[in-house]
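The structure appears right after this line, and notes come after that.
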Amino acid sequence: MLHSRIEDALNKQINLEFSASYIYLGMALFMDAKHLSGFASWMVAQSDEERTHARRLLRYMLDRNGNVQLESIPQPKIDYGSINEVFNASLEQEKSNTQSINALYALANELDDYATQAHLKWFLDEQVEEEKTITDILGRLELAGDDKTAILILDQALSERGGDSDAISIVDN
Ligand code: FEO
């Protein structure tokens with residue numbers, strides 16, 4: 001049986017992951033409006049991935065007979081000043097998500113909830129990877145500077161991330 005404090009924290013985390021998914025979709029729309037289809041498809045794949053994070057937590061709560069609460073998701077931003085601003089916002093969001101996962105892990109530790117700690121291990125690893133990936137992209141954007149050719153090469157590189165092609169078609173037209 002899940003402790004009510006863990007249950008509340010897991011529900012909050014599920015909402016954060018769904019909110020992140022929506023924020024990335026907003027970022028995809030911004031990239032699409034700039035005709036950067038590679039950046040857009042990368043953002044759509046990221047948005048899809050955040051939903052899988054939410055569902056992974058949701059499945060865990062159901063397996064522990066927890067009381068799942070699906071809260072409202074805030075409206076995401078669609079207007080940004082630049083590509084760099086988008087990725088800076090993305091990095092800040094991931095850092096904040098890492099803090100939230102860390103707090104959840106600390107709570108599970110405090111309450112001797114070993115199963116929740118074990119489940120969260122995957123998320124800790126995932127956050128390391130996400131922060132690294134976005135930091136790398138930001139580094140490459142800084143190298144590219146105002147060079148449009150370099151930006152287009154990066155756009156092409158990001159289009160090769162793969163993911164759900166049906167989802168990518170959302171921003172194709
Ligand atoms: Fe669900 Fe971007 O971490």
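The values are calculated or read from the model by the stated rules, or taken from the named source; none is laboratory data. None of the values given here were measured: they were computed from a predicted structure. Don't worry about glycine lacking a Cβ; one is built from the backbone with ideal geometry, like all the others, and counts go over all protein chains shown. Only protein heavy atoms, including side chains, enter the accessible area calculation; ligands, DNA and RNA are left aside. Shrake-Rupley method; radii C 1.70, N 1.55, O 1.52, S 1.80 Å.
The figures follow:
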item	result
Tally, over region 56-96, of residues that are open to solvent by 30 Å² or more (accessible area, probe 1.4 Å) and within 11 Å of the ligand (Cβ to nearest atom)	4
Residue in region 160-168 that is of a type in the set (A, V, I, L, M), at pLDDT below 95 and under 22 Å from residue 89 (Cα atoms) present	yes
Every pair of residues 6+ apart whose Cβ atoms lie under 9 Å, when the first sits in region 130-150 and is among the basic types (Lys, Arg) while the second is open to solvent by less than 70 Å² (accessible area, probe 1.4 Å)	140/150; 140/154; 140/157
Condition met for residue 13 (within 15 Å of the ligand (Cβ to nearest atom), of a type outside the set (Ser, Thr, Tyr) and either farther than 30 Å from residue 148 by Cβ or exposed (fewer than 13 other Cβ atoms within 10 Å of the Cβ) (or both))	yes
Where residue 102 falls short, out of the listed (1) closer than 22 Å to residue 52 by Cβ; (2) buried (at least 16 other Cβ atoms within 10 Å of the Cβ)	(2)
Selected residue (only one of 133, 116, 149 is under 17 Å from residue 88 (Cβ atoms), at pLDDT 95 or above and polar (S, T, N, Q))	133
Tally, over region 97-126, of residues that are within 10 Å of the ligand (Cβ to nearest atom) and either among the hydroxyl-bearing types (Ser, Thr, Tyr) or not in a helix (DSSP H, G or I) (or both)	2
Restricting region 40-50 to residues that are buried (at least 24 other Cβ atoms within 10 Å of the Cβ) and either under 16 Å from residue 79 (Cβ atoms) or without any contact (Cβ under 8 Å) to a residue 40 or more places away in the chain (or both), the residue that is farthest from the ligand (Cβ to nearest atom)	40
